[in-house]
Amino acid sequence: MARPKIALIGAGQIGGTLAHLAAMKELGDVVLFDIAEGTPEGKALDIAESGPAEGFDAHLKGTSDYADIAGADVCIVTAGVPRKPGMSRDDLLGINLKVMKAVGEGIAANAPDAFVICITNPLDAMVWALREFSGLPHEKVCGMAGVLDSARFRHFLSLEFDVSMKDVSAFVLGGHGDTMVPLTRYSTVAGIPLPDLIDMGWTTKDKIDAIVQRTRDGGAEIVGLLKTGSAFYAPATSAIEMAEAYLKDQKRVLPCAAWCDGVLGLKGLYVGVPTVIGAGGVERIVDIKMTKDEQAMFDSSVNAVRGLVDACKGIDDSLA
Ligand code: A3D
C-alpha cells in the first residue's frame, strides 16, 4: 500500500517542524509548499538528509506549485503571517484572509479529499474562511488550537502538582486566545477533578486561577520571549496528534475548532469544542452541558469568534 501523502501549506517555523515530526513518525510522504522561493525545497532537503541518521522512510519534497499536493490525504495549513510583540491574533485578519483564499482554492483544485487542519491565526475565523473558500465538507476541515491550549494547561498543572504530564488531562472550549474557556471541573489528575484537588489541599483556587490566566496568555508569553515570531514546536506537535488520529482512525477525543451546527446551542460556527477525530474527519462533537458560569464564558468567546467572521465577510464580498 502506498504511504499516505501529507501536504504542508506554509513552510515557515511551524511548517518545517511539522515536516520533521511527520517524517520522524513515518506518518507518510511529505510535500512542503510555500511561496517563499527556495524555502520549501531547502527545508525538505535538510530534513530528508536527517533520514539516514534518524532511520526513517519518508520522501520529502519542497515546492511552490500546488499541482504537487495532488491527492494529499492530509493538508496542514500554516501559510500566512505570525504575530510580533504587541500584535493580537486578530491584527492578522486582513493579511491572512487573502492567504486563505489562495490556499482554499489550491486545496479544492488539487486535494479535495484531504482532511484539512488549519493553524493560521486568527484561528477560528481563518478555519471558517478556509472551509468557505475550499468548499470541502465541513467534517473534513477543522482548526488546531484546543490541543495546544490544553497542552499548555496540562503542562502548567503538572508543574503545580509535581506529577507527570501524562496523568494530567485538561479540557478547554471556545475560541483560541483571550476568550478561551478552560473547564476546571473537567480537568483532572488521574481522574480527580481540579475542584476536588483544591478541597484536598493540593493547590488553591487562586493558584488555579493564575494557571488558567497563564494558559490564556500562553501564546503571548512565547511571542514576548522570542520577539521575532510565535510558538512553533508545541503547535506543530498538536497538529500532528490530530493528523495521526485521522490517518490511523484512532477516534481520539481531542478539542479542536470544528463546525458546530445544532450542538452546544450553536448554529453554523467554527469554534473550539471536544471532538472525536477518526477516518471520517471530525466524526462527532461532544455536546457537553455547561454550568451557568461556563456558559457565560463560552457565549462571550463565541461572540468574539462571530465578530471576526463578520469582519471577514466585510473584507471579502464572496464570503458575505
Ligand atoms: P512563519 O514562520 O512566518 O511561516 C508562515 C509561512 O507562510 C512563511 O514561510 C510564508 O512564506 C508562508 N506564506 C505566506 N503566504 C503564503 C501563501 N499565500 N501560500 C503559501 N505560503 C505562504 O509563521 P509560523 O509558521 O510561525 O506560523 C504560521 C501561522 O500559524 C501564523 O498565522 C501564526 O499566527 C499561526 N499560529 C497558530 C497557532 C494556534 O494555536 C492556532 C499557534 C502558533 C502559530
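Dividing the alpha-carbon radius of gyration of segment 137-250 by 2.2 N^0.38 Å (N being the number of residues), what value is obtained?
That works out to 1.12 for segment 137-250.
Hey, rough spin-label estimate for S318 and K205, points 7 angstrom out along Cα→Cβ, what's it come to in nanometres?
5.2 nm
As I understand it, the value is the acute angle between the Cα axis of helix 146-161 and the longest principal axis of the Cα atoms of the chain; what does it come to in degrees, rounded to 10?
So the helix axis and the longest Cα principal axis differ by about 50 degrees.
Tell me the mean residue ellipticity at 222 nm calculated for the chain from its helices only (DSSP H runs of n ≥ 4, each -39500 (n - 2.57), averaged over every residue, nearest 500).
Estimated from H runs of four or more residues: -13500 deg cm²/dmol.
Computed from the mean reciprocal separation of all distinct C-alpha pairs, what Kirkwood hydrodynamic radius does segment 5-144 have, in Å?
Evaluated on segment 5-144, it is 14.9 Å.
GNM, the chain, Cα, under 10 Å: largest mean-square fluctuation among T78, T188, T120?
Evaluated over the chain, the most mobile residue of the options is T188.
Which distance in nm do the two modelled labels at I35 and A279 give, with both placed 7 Å along the Cα-to-Cβ direction?
Once both label points are built, they end up 3.8 nm from each other.
What's the local net charge at T63, with K and R +1, D and E -1, over the other residues with C-beta under 14 Å away?
Here the charged neighbours net out to -3.
For the chain, set up a Gaussian network in which alpha carbons nearer than 10 Å are linked by springs, and say which option among L225, L183, L32 fluctuates the most.
Ranking L225, L183, L32 by mean-square fluctuation puts L225 first.
Radius of gyration and Dmax for the chain's Cα atoms, expressed in Å?
Rg, Dmax (Cα atoms, Å): 19.1, 59.
Just so you know, all these numbers are worked out from the coordinates, no wet-lab data involved. Note that the structure is predicted; figures quoted are calculated from it, not measured. We place every Cβ from the backbone using ideal geometry, glycine too, and count neighbours over all the protein chains shown.
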